[in-house]
Amino acid sequence: MSVIGKDIRATLGTREVLRGIDVEARAGEVTAIIGPNGSGKTTLLRCLTGELACHGTVTLDGEDIHAMPAHALAARRAVLEQATPLAFPFTVAEVVRLGHRAGAEATDPGVPRAALAAVGLQAKAGRFFQELSGGERQRVQLARVLAQVWSPVLDRRSRWLFLDEPVASLDIAHQLEVMHVSRGFADAGGGVVTVMHDLNLTAMGADRVILVSEGRILKSGAPDAVLTDTTLSAAYACGIRVNTAPVMPFILPQAARPVG
Ligand SMILES: Nc1ncnc2c1ncn2[C@@H]1O[C@H](COP(=O)(O)OP(=O)(O)OP(=O)(O)O)[C@@H](O)[C@H]1O
Ligand SMILES: [Mg+2]
């Protein structure tokens with residue numbers, strides 16, 4: 001089971017942001033989308049989730065994602081956006097229930113509590129969302145999307161988590177917690193597609209890496225094939241050294257200078 005995008009092209013305003021992208025993400029794996037600011041990662045993720053109309057095709061386990069009714073899509077995949085502003089004074093529990101109600105396990109009352117526990121925030125269920133710190137809010141939003149697709153496999157079909165920079169404002173322990181949650185979801189048969197800026201966490205937690213640069217794929221494949229000195233230095237236009245000792249790739253930025 002997989003999400004497959006073929007020849008994805010997207011224009012925002014007058015700008016062609018995605019310029020012919022072919023991708024495949026498999027259930028049972030964590031797929032990381034990396035690349036510089038403005039390279040098109042969020043736009044690609046939004047095309048893969050079906051939120052943004054694009055040229056080309058996107059299929060979710062063989063079904064055309066743009067032809068799927070909203071409720072069917074909500075039962076199969078949940079999306080953590082890069083920023084999720086909330087206009088109303090919801091409590092933490094209410095935010096998580098928003099995801100829960102949109103999913104296919106809305107009759108199981110234990111799911112929101114379990115989702116909050118997965119991100120270590122069960123004690124804050126009654127607090128107002130707006131009164132939490134930035135990192136805590138991000139974890140609540142992750143609990144919301146988890147509550148939407150709580151079982152990684154339902155009716156023998158994989159479900160999908162699409163996450164846009166889920167660890168962006170988290171401390172190191174909670175970054176690891178999010179990677180652990182993603183790994184658990186994938187190991188249980190679900191699919192995870194996550195935009196990442198932290199290349200070391202990507203090396204540690206991804207099965208497959210898609211490196212986007214200027215609206216195209218510069219390289220994709222296993223982490224050790226994509227996370228190399230030359231590829232990363234070219235993509236990010238600064239010197240980057242990948243140290244593979246002692247156990248896994250470790251990405252070390254060199255002086256911030258353009259690579260000529
Ligand atoms: N609504 C819009 N209208 C016009 N251009 C847009 C719009 N949204 C994004 N863009 C442009 O599309 C390009 C890709 O944006 P995108 O948000 O996909 O980048 P990104 O790789 O996710 O970057 P970041 O790492 O900063 O989140 C950027 O150059 C951005 O300026
Ligand atoms: Mg983005």
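The values are calculated or read from the model by the stated rules, or taken from the named source; none is laboratory data. Worth saying up front: this structure is predicted, and the values here are computed from it rather than measured. No Cβ is skipped: glycine too gets one built from the backbone with ideal geometry, and neighbour counts run over all protein chains shown.
Just a few scattered comments:
- Some residue of the stretch 5-18 being part of a strand (DSSP E or B), more than 14 Å from the chain's Cα centre (by Cα), among the charged types (D, E, K, R) and under 18 Å from Arg208 (Cα atoms): yes
- Ala168 being within 16 Å of ligand 2 (Cβ to nearest atom), within 20 Å of the chain's Cα centre (by Cα) and not aromatic (Phe, Trp, Tyr): yes
- Matching residues in the stretch 195-210 - criterion: being closer than 25 Å to Val153 by Cβ and within 12 Å of ligand 1 (Cβ to nearest atom): Val195, Met196, Ile210
- Members of the stretch 45-60 found to be closer than 19 Å to Arg159 by Cα and out of contact with any helix residue (DSSP H, G or I) (no Cβ under 8 Å at 6 or more places or on another chain), listed by number: Leu45, Arg46, Cys47, Glu51
- Positions within the stretch 182-200 being away from ligand 2 (no atom under 16 Å from the Cβ), in contact with a strand residue (DSSP E or B) (Cβ under 9 Å, 6 or more places away or on another chain) and not in a strand (DSSP E or B), in sequence order: Ser182, Arg183, Phe185, Ala186, Ala188, Gly189, Gly190, Asn200
Per-residue answers, yes or no, for (1) surrounded by 19 or more Cβ atoms within 10 Å (Cβ to Cβ); (2) out of contact with any Asp or Glu (no Cβ under 9 Å at 6 or more places or on another chain); (3) of a type in the set (Val, Ile, Thr); (4) modelled with pLDDT of 95 or more:
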site	(1), (2), (3), (4)
Pro109	no, yes, no, no
Ala115	yes, yes, no, yes
Ala123	no, yes, no, yes
Arg127	no, no, no, yes
Val140	yes, yes, yes, yes
Val149	yes, no, yes, yes
Val153	no, yes, yes, yes
Ala168	no, no, no, no
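- Selection from the stretch 25-58 of residues that are of a type outside the set (Lys, Arg), closer than 18 Å to Leu232 by Cβ and in contact (Cβ under 8 Å) with a residue 60 or more places away in the chain: Thr31, Ala32, Ile33, Ile34, Gly35, Pro36, Ser39, Gly40
- Flag if Arg241 is surrounded by fewer than 20 Cβ atoms within 10 Å (Cβ to Cβ), under 24 Å from Leu44 (Cβ atoms) and either within 15 Å of ligand 1 (Cβ to nearest atom) or not assigned by TED's automatic domain parsing to the domain that holds Thr59 (or both): no
- Looking across the stretch 19-41 at every residue that is of a type in the set (Val, Ile, Thr) and closer than 13 Å to Gly5 by Cα, the one that is nearest to the chain's Cα centre (by Cα) is identified as Val23.
- Matching residues in the stretch 149-175 - criterion: being polar (S, T, N, Q) and within 16 Å of ligand 1 (Cβ to nearest atom): Ser169
- Only one of the numbered conditions (1) out of contact with any helix residue (DSSP H, G or I) (no Cβ under 6 Å at 6 or more places or on another chain); (2) surrounded by 15 or more Cβ atoms within 10 Å (Cβ to Cβ) is not met by Asn37, and that is (2).
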